[in-house]
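Structure first, then comments.
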Amino acid sequence: MLEFIQIQKSYGATRVLSDISERVEAGEVVVVCGPSGSGKSTLIRTVNRLESIDSGRIIVNGQDVHAAGKDLNSLRAGIGFVFQQFNLFPHCSALENVMMAPMSVRGTTRAEAREQAQELLARVGLAHKSQCFPGELSGGQQQRVAIARTLAMKPPLILFDEPTSALDPEMVGEVLAVMKDLARQGMTMVCVTHEMGFAREVADKVWFLDAGRVLERATPEAFFNTPQHPRAQKFLSDTH
Ligand code: ADP
Ligand code: MG
């Protein structure tokens with residue numbers, strides 16, 4: 001589903017991604033963790049070309065994402081991305097936020113988009129909030145609308161960049177519950193998150209990034225119980 005092949009990226013003289021070669025199979029859930037500034041956001045943002053790469057290749061569903069001449073809109077339409085900041089349109093209802101992309105990008109009819117959006121809002125537990133504007137919703141509810149909006153494009157792969165980090169603690173659980181639900185239904189997911197409980201419960205693999213390198217890739221059980229790399233050991237003992 002997703003393959004990084006010898007990815008290198010620098011900002012000026014600073015190397016932020018070093019020789020990254022990793023694979024994600026269809027249906028897998030990968031949790032990416034590591035210290036702040038280790039390159040987690042940069043790495044997942046390269047997948048839908050929110051960031052460029054200096055060398056290497058990224059293959060999503062057989063397509064070379066960074067090949068010249070790729071249509072960015074169609075590329076991004078097939079890769080879901082959930083941000084820390086939800087970026088909902090403030091002047092549109094929850095329902096309209098979910099309806100918009102299928103109508104404008106896929107040419108879905110309004111009636112069809114509406115029906116699908118209703119179903120997706122129900123799936124994230126927000127059927128009763130479909131007419132609310134983002135400002136009338138809590139952070140957790142807004143993030144669930146953002147996930148429904150992503151699902152509306154039926155992406156085979158969803159990337160999450162710290163989707164619960166901007167939330168008040170009492171709202172983290174409701175967003176993780178939606179993500180766990182997606183994981184159990186077989187969605188392919190790459191999640192940058194500090195929620196190690198989520199990693200233990202649903203990840204197939206954990207990647208530990210430090211200074212732009214994947215220093216460890218392991219099952220959650222192995223990673224949390226017997227981390228191999230000293231930096232991973234230190235990261236786990238510092239954070240937990
Ligand atoms: P993480 O998500 O793990 O906290 P990032 O991917 O955001 O890390 O950042 C990795 C490194 O790249 C950091 O050293 C950061 O300061 C640097 N960086 C990120 N974005 C830029 C940018 N636009 N220009 C210069 N340096 C950047
Ligand atoms: Mg980040």
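Brief remarks follow.
- Subset of 9/154; 40/129; 154/205; 129/205; 40/180; 205/234 violating a 27 Å alpha-carbon distance limit: 9/154; 40/129; 129/205
- In the stretch 1-49, trypsin sites (Lys or Arg not before Pro) in a DSSP loop with at most 10 other beta-carbon atoms within 10 Å: none
- Local net charge near residue 63, Cβ-Cβ under 14 Å (Lys/Arg +1, Asp/Glu -1): +1
- Site pair residue 11 and residue 166 shows an inter-label distance of 1.8 nm when each label is modelled 7 Å from Cα along Cα→Cβ.
- Inter-probe distance in nm under a simple model that places probes 7 Å from Cα toward Cβ, at residue 87 and residue 72: 1.1
- Nearest-0.05 FRET efficiency for residue 112 and residue 3, computed from C-beta distance (R0 41 Å): 0.75
- For the stretch 209-218, backbone phi angles converted through the Karplus equation (6.51, -1.76, 1.60; θ = phi - 60°) give residue-by-residue couplings of 9, 8, 6, x, 10, 7, 7, 8, 10, 7 Hz, Gly and Pro being listed as x.
- Size of electric dipole in the chain: Cβ of Lys, Arg +1 and of Asp, Glu -1, about Cα centre, debye, nearest 20: 420
- Note that the chain shows a convex hull volume over its alpha carbon atoms of 127 Å³ per residue.
- Mean ellipticity per residue at 222 nm, deg cm²/dmol - from DSSP H runs of n ≥ 4 across the chain, formula -39500 (n - 2.57): -11000 deg cm²/dmol
- P(r) tail fraction, the stretch 69-154 - alpha-carbon pairs more than 18 Å apart, %: 38
Each value in this text was obtained by applying a stated rule to the coordinates, not by laboratory testing. The shown structure was predicted, so the numbers you read here are calculated from the model rather than taken from an experiment. Note that each Cβ is placed from the backbone with ideal geometry, even for glycine, and that neighbours are counted across all protein chains shown.
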